[in-house]
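Q: Dropping the structure in here first, questions after.
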Amino acid sequence: MGQHHYHALLKRIAEEKKSLAVLIDPDKFEISEAAAFLKKIPFETTHLFVGGSTVPYGHCEATVEALKQYTNFPVFLFPGDYTQITGSADGILFLSLLSGRNPEYLIGQQIKSVPKLQSTNLEIVPTAYLLLDGGNNSAVAKVTETEPISQDAIEKIVQTALAGQYMGAKLIYLEAGSGAKFPVRPEIISAVKKNSNIPLLVGGGIRTEVQKQAAYNAGADLVVMGTVFEE
Ligand code: 1GP
């Protein structure tokens, strides 16, 4: 398993190019609409992420395979749990939910995923995943039974992200939760960016071009947008 797509992202960052991942939740995705869906996503899309909080077994793989028929975008799994892992994707964000204190999502799911990962060629990208308060009760908080970090606790957020980097994470993902009322604030993005030196992903509640540009200007290297394309 190489790190081809990760290095491509580093190269984009070195060239000062921003990236956009469209997140597809297999639970809300009509497989027969895959081709039509891909025609509607923004031209500046660089990645597809596939995953969700609650996905029936097999749906994730079927979704990835349907998308792969119509596109060459790298498809990365963004799994809510280890049953969503499929070798049909290109890679996986190997998440550890560092904002929470539930051992199941810090290391339990990761161990459960190993037998499957050993039988695939997925590019595995260790990711420090931080859930921040987006102003509503997010699916991530519900499913993982963890509390998001308040967006007022900037120092705690920076320190949590950096602990992830020091533990070897190759990405930091600041998540306000799917359908968040308030996306991650620009001052949080810039504080994390200033203090870390791995690519920074930001998602949750970003619906408009203005919000997306605000995240980029604050230091996000890659913005994740999902809900806005479900409508
Ligand atoms: C959720 O960060 C992603 O995990 C994207 O959020 O669905 O609100 O765009 P939205």
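Rule-based calculations on the coordinates, nothing more; no lab input. Note that the structure is predicted; figures quoted are calculated from it, not measured. Backbone-built Cβ (ideal geometry, glycine too); neighbour counts: all protein chains shown.
Q: Using the crude model of +1 on Lys and Arg Cβ and -1 on Asp and Glu Cβ, and no other charge, please compute the dipole size for the range 1-134 relative to its Cα centre, in debye to 20. All intermediate terms of the calculation are to be shown ahead of the outcome.
A: Values: 11 positive and 14 negative charges, 49 e Å.
Dipole magnitude for the range 1-134 comes out near 240 debye.
Q: Say we join alpha carbon atoms closer than 10 Å with springs in a Gaussian network model of the chain; which of Ile198, Ile111, Ile24 then has the biggest fluctuation?
A: The residue with the greatest mean-square fluctuation here is Ile111.
Q: Would you mind working out the magnitude of the charge dipole of the chain relative to its Cα centre, with +1 at each Lys and Arg C-beta and -1 at each Asp and Glu C-beta, to the nearest 20 Debye?
A: 440
Q: Sticking with this one: Going down the table (Lys39/Lys194; Lys17/Lys194; Lys40/Lys193), which pairs top 28 Å between alpha carbons?
A: Details: Lys39/Lys194 36 Å; Lys17/Lys194 18 Å; Lys40/Lys193 31 Å.
Violating the 28 Å limit, Cα to Cα: Lys39/Lys194; Lys40/Lys193.
Q: Would you grab the residues whose amide H sits under 5 Å from the one on Phe94? Only those 5+ places off in sequence or on another chain, please, with H modelled 1.01 Å from N.
A: Val125, Thr127
Q: Ordered by packing density, taken as the mean number of other Cβ atoms within 10 Å over each peptide's residues, highest first, how do 124-133, 10-19, 151-160 rank? Display every interim value, and only then the final one.
A: Numbers: 124-133: 23.0, 10-19: 12.8, 151-160: 15.3.
Highest mean packing first, the order is 124-133, 151-160, 10-19.
Q: On a C-alpha basis, how far is the centre of the range 1-37 from the centre of the range 203-231 in Å? Whole number, if you could?
A: Distance between centres, Cα-based: 14 Å.
Q: Would you kindly derive the ³J(HN,Hα) couplings of the range 47-52 from the backbone phi angles with the Karplus curve 6.51 cos²θ - 1.76 cosθ + 1.60 (θ = phi - 60°), listing them in order in whole Hz, with x for Gly and Pro?
A: Along the range 47-52, the couplings run 9, 10, 10, 10, x, x Hz.
Q: Once you list every other residue whose beta carbon is under 15 Å from the beta carbon of Glu187, what net charge do they have if Lys and Arg are +1 and Asp and Glu are -1? Walk me through the numbers on the way to the answer.
A: On the way: positive: Lys156, Arg185, Lys193, Lys194; negative: Asp133, Asp152, Glu155.
Counting the neighbours of Glu187, the net charge comes to +1.
Q: I would also like to ask the following. Kindly identify the range 16-62 as rounded, prolate or oblate by the Cα gyration tensor criterion: order the square roots of the eigenvalues as a ≥ b ≥ c, call it rounded if a/c is under 1.5, otherwise compare a/b with b/c, prolate if a/b is larger, else oblate. Walk me through the intermediate numbers first.
A: Details: a/c = 3.24, a/b = 1.61, b/c = 2.01.
Since a/c reaches 1.5 but b/c is at least a/b, the shape of the range 16-62 is classed as oblate.
Q: How much length is gained on full extension from Val114 to Met167, taking 0.36 nm per residue of separation minus their Cα-Cα distance?
A: Numbers: separation 53, 0.36 × 53 = 19.08 nm, distance 1.89 nm.
Here the segment from Val114 to Met167 would lengthen by 17.2 nm.
Q: For the range 193-205, take each phi angle, set θ = phi - 60°, evaluate the Karplus expression 6.51 cos²θ - 1.76 cosθ + 1.60, and give the result in whole Hz per residue in order, putting x for glycine and proline.
A: 4, 4, 9, 10, 9, 10, x, 10, 9, 9, x, x, x
Q: Per residue of the range 18-34, in order, report the coupling 6.51 cos²θ - 1.76 cosθ + 1.60 (Karplus, θ = phi - 60°) as ³J(HN,Hα) in whole Hz, putting x for Gly and Pro.
A: Once θ is set to phi - 60°, the couplings for the range 18-34 become 8, 10, 10, 9, 8, 8, 10, 8, x, 5, 10, 10, 8, 4, 5, 9, 4 Hz.
Q: Oh, and also: Lys and Arg at +1, Asp and Glu at -1: add these up for the other residues within a Cβ distance under 13 Å of Thr71 and post the number.
A: Numbers: positive: Lys39, Lys40, Lys68; negative: Glu65, Asp90.
Once positives and negatives cancel, what remains is +1.
Q: When Lys and Arg each count +1 and Asp and Glu each count -1, what net charge do the other residues less than 12 Å away from Asp152, Cβ to Cβ, add up to? Could the numbers behind the result be given before it?
A: Values: positive: Lys156, Arg185; negative: Asp133, Glu155, Glu187.
That works out to -1.
Q: Which aspartates and glutamates does Lys28 reach when only Cα atoms under 17 Å apart count, and residues fewer than 8 places away in its own chain are ignored?
A: Glu61, Glu65, Asp81, Glu230, Glu231
Q: Taking springs between alpha-carbon atoms closer than 10 angstrom, which of Gly52, Gly168, Gly100 fluctuates most in the Gaussian network model of the chain?
A: Gly168
Q: Do you know the relative contact order of the chain, to the nearest whole percent, from alpha carbon pairs under 8 angstrom that are 6+ apart?
A: Details: 474 pairs, mean separation 42.5, N = 231.
Over the chain, the number comes to 18 percent.
Q: Take the alpha carbon gyration tensor of the chain, find the square roots of its eigenvalues, order them as a ≥ b ≥ c, and report rounded if a/c is under 1.5; if not, report prolate when a/b exceeds b/c, else oblate. Could you put the intermediate results ahead of the total?
A: Values: a/c = 1.33, a/b = 1.19, b/c = 1.12.
Rounded, since a/c falls under 1.5.
Q: Next question, about the same structure. Got a sec? Charge dipole of the chain, +1 on Cβ for Lys and Arg, -1 for Asp and Glu; which of Val55, Gly204, Gly219 is way out at the positive end?
A: It is Gly219.
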